[in-house]
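Report on the following structure.
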Amino acid sequence: MTDSPIRLSPQQPILAPDGRQSPMASGIQRGVRRLFAQLGHVTIPELTLANGRRADVMALAPDGGLVIVEIKSSIADFRADRKWPDYAEFCDRFYFAVPETVPVEILPEDRGLIVADSFGAAIMREAGHHPLSGARRKAVTLRFARAAASVLHALADPEAAVL
């Protein structure tokens, strides 16, 4: 097996960062995940959707609601990426998460807004609610569950993990 994201050293996280994010984006992701945990949601980072796009953070609410958070670490990051509209068909609510250094005026006003750092996050603007159809909700929730189960499997049996 090639490079596994599993780390067994007690000084390092069990699952290593996948290397796609900048240190700033990784910190924002951590803060966003902490926020949603406080709200009673569970999260998966970097979840690949059925359309091939990868959600930076997908959250599953206690009531089954699905939230996607798109992390933008800078003005240039936001301006360079126009894939984010492709996420709408896979969530009930959509948020942008940015550090406090990004001017929020550049972000679409019709999307939710979270300001975050590596210690936490705050919702500055609620996302609109656009409920998924039952079939789509089931498909996305199953994808979420399979991703979460594969992480648990990797933790329990690192040599067998296929991530």
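Filtered by the rule that a residue be within 16 Å of residue 129 (Cα to Cα) and of a type in the set (Lys, Arg), region 55-114 gives 93, 111.
The set of residues in region 113-150 that are assigned to a helix (DSSP H, G or I) and either loosely packed, with under 14 Cβ neighbours inside 10 Å or over 15 Å from the mean Cα position of the chain (by Cα) (or both) comprises 134, 135, 136, 137, 138, 139, 142, 145, 146, 149, 150. Of the strands (runs of 3 or more DSSP E) lying entirely inside region 42-88, the ones with 1 or more residues being of a type in the set (Asp, Glu), modelled with pLDDT of 95 or more and closer than 13 Å to residue 111 by Cβ are found at 66-71.
Checked against (1) closer than 23 Å to residue 26 by Cβ; (2) loosely packed, with under 12 Cβ neighbours inside 10 Å; (3) touching a Lys or Arg at 6+ places or on another chain (Cβ under 8 Å), residue 94 meets all criteria but (2).
The values are calculated or read from the model by the stated rules, or taken from the named source; none is laboratory data. Computed from a predicted model, the values in this text were never measured in an experiment. Don't worry about glycine lacking a Cβ; one is built from the backbone with ideal geometry, like all the others, and counts go over all protein chains shown.
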